[in-house]
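The values are calculated or read from the model by the stated rules, or taken from the named source; none is laboratory data. Quick caveat, the model's predicted, so the values are computed rather than measured. FYI the Cβ positions are ideal-geometry reconstructions off the backbone, even for glycines, and counts take in every protein chain you see. Accessible surface areas use protein heavy atoms only, side chains included; no ligands, DNA or RNA. Shrake-Rupley method; radii C 1.70, N 1.55, O 1.52, S 1.80 Å.
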Amino acid sequence: MRYKGKVYRPPSEAYSLIVQVTYGCSHNRCAFCDMYDDKHFALRPMEEIREDFETARQAYRHVERVFLADGDALIRPAAQMLEILGWVYELFPECRRVTCYASPASIHVRTEEELHALRGAGLTMVYMGLESGCDAVLERMNKGHTVASIIEAGQKARRCGLALSVTAISGLGSLELLADHAMGTAQALSAMQPEYIGLLTLMVEPGTPLERWVREGSFIVPQAPDILRETEIFLHYIDSEGSIFRMNHASNYLTLKGTLNTDKPALLARVHQGMAGHGLRPAYLRAL
């Protein structure tokens, strides 16, 4: 099997068969992100994709999960995605789920009929980045979408039967917009009601516009006490009954796991323990 550039996948896809169906990210201009900087976005030739799945079938006796990489597989024409899904389940009849990253743009460009068809063909879940529920933050970070547009995309995916996993980034609002970022993110996620919610914590990557802003002093990175205060605000405002909540990425200062809204009191209690200095990950151990 072949793979062009670095491999990026959600933590929950650690044991999935990963096959590249696009190269890079169709947007790839977010100010905080250095993912896919080693490749230009393109659609991978279909014959290569088929060859990789055939090679994987020969190499692996049992494949229950498949992740279609890179950063925005859903941007491929629906007919091609349907063909790819057909290959997956033809070659791996034991497969139980197929997932991929999806940008708000790729969800918007697909009709509801196409999304229903993809779900019917076995695309079970998409991962989408919200990053922030504050328009001022999204504009500064060059996300390319408003909060309303991202909410609409998430609701559309769910309406069409796709499970939805949404990520946001603690600290992305800097100290200046910390409260607006926390409240807006909680409200946006509440509007989408995704099956899964993941919170990462901002890490400044070298060579990004964000890194330059930090160096120049126009962006102040929130530190651990600020992130905990932001998380407390977020948990007060989030209302997404049944969403599985995870704040257990290597970038996080504090590990939180629970199901909303049932576990909110326990999650808040854990945040308050962190505010008292208990259970925090040392800064030098944080990583993306």
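A few remarks follow.
- Condition broken by residue 286, with the remaining ones in (1) surrounded by 15 or more Cβ atoms within 10 Å (Cβ to Cβ); (2) over 23 Å from the mean Cα position of the chain (by Cα) satisfied: (2)
Yes/no matrix, rows are residues, columns are (1) in a helix (DSSP H, G or I); (2) more than 21 Å from residue 165 (Cα to Cα):
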| site | (1), (2) |
| --- | --- |
| 261 | no, no |
| 265 | yes, yes |
| 268 | yes, yes |
| 279 | no, yes |
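- Meets criteria (surrounded by 13 or more Cβ atoms within 10 Å (Cβ to Cβ) and closer than 22 Å to residue 198 by Cβ) for residue 52: no
- Selection count, the stretch 55-66, where residues are surrounded by fewer than 15 Cβ atoms within 10 Å (Cβ to Cβ) and within 20 Å of the chain's Cα centre (by Cα): 0
- Applying the condition of being touching a residue at least 60 places away in the same chain (Cβ under 8 Å), in a loop (DSSP other than H, G, I, E, B) and open to solvent by less than 90 Å² (accessible area, probe 1.4 Å) to the stretch 6-16 and asking which residue is nearest to residue 45 (Cα to Cα) yields 7.
- All positions within the stretch 159-178 that are part of a loop (DSSP other than H, G, I, E, B) and either closer than 20 Å to residue 97 by Cα or of a type in the set (Val, Ile, Thr) (or both): 160, 161, 162
- When residue 156 is tested against (1) free of Cβ contacts under 8 Å to residues at least 60 places away in the same chain; (2) over 30 Å from residue 121 (Cα atoms); (3) open to solvent by less than 40 Å² (accessible area, probe 1.4 Å), exactly one condition is not met: (2).
- Taken over the stretch 17-43, residues that are open to solvent by 20 Å² or more (accessible area, probe 1.4 Å) and on the phi < 0 side of the Ramachandran plot amount to 17.
- Selection from the stretch 187-212 of residues that are in contact with an Asp or Glu (Cβ under 8 Å, 6 or more places away or on another chain) and not in a helix (DSSP H, G or I): 193, 204, 205, 206, 207, 208
- For residue 230, the test of being within 20 Å of the chain's Cα centre (by Cα) and assigned to a loop (DSSP other than H, G, I, E, B) is failed.
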